[in-house]
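Working notes, beginning with the structure itself.
Read-outs: derived from the displayed coordinates by stated rules, not from any lab. Keep in mind that this is a model prediction, so the values were computed, not measured. In this analysis, Cβ positions are derived from the backbone assuming ideal geometry, glycine residues included, and neighbour counts consider all displayed protein chains.
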Amino acid sequence: MDVKIFVENVKELCRKKGVKPTIACDESGAGKNLLNHIETRGSIPSVAKVQMLAEYLGVTTSDLLGEKKEPTVQDDGLSEGERVLMTLFRQLTPDQQEMVLRMVQAAADKL
């Protein structure tokens, strides 16, 4: 995650929406001091906070994070939460991915 791009995107989207970034962060539930913690302490926001802020600003988390989207021929049918999960899943090692798959299968078997 490039925190500089994230902060710049938040500030730009807030400017377009006509709201101060601290207000947006506070009202979204991400935390009034989120951007300050990122800029001064080098904190990395949680996925949940990025999602809350993106929803508040009316954009996707990918837009907020400045991720480049590859053109697709058709809609993949995934929800935003499913896309976030896939992005995180792809960052795991193969062993971690296998562990996650086993856990999800076990949870699905209990349904």
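Annotations
- Proximal aspartates and glutamates to K16, defined as alpha-carbon separation beneath 16 angstrom and excluding residues fewer than eight positions away on the same chain: E8, E55, D63
- Between K20 and R90, the FRET efficiency estimated from the beta carbon spacing at R0 = 30 angstrom works out to 0.30.
- Compared with the direct C-alpha span, the chain from K32 to L101 gains 21.3 nm at full extension, assuming 0.36 nm per residue.
- Residue pairs exceeding 26 angstrom between C-alpha atoms, taken from K68/K110; K49/K110; K11/K68: K68/K110; K49/K110.
- Start at zero, step by 5 Å, and the Cα-Cα distances of the chain spread as 2, 11, 18, 20, 15, 14, 10, 6, 3, 0 percent across the bins.
- For segment 3-65, the alpha-carbon radius of gyration amounts to 0.94 times the rule-of-thumb value 2.2 N^0.38 Å expected for a compact globular protein.
- Farthest toward the positive end of the dipole of segment 14-111, out of V104, L85, G31, is the Cα of G31, where the dipole comes from beta carbon charges about the Cα centre.
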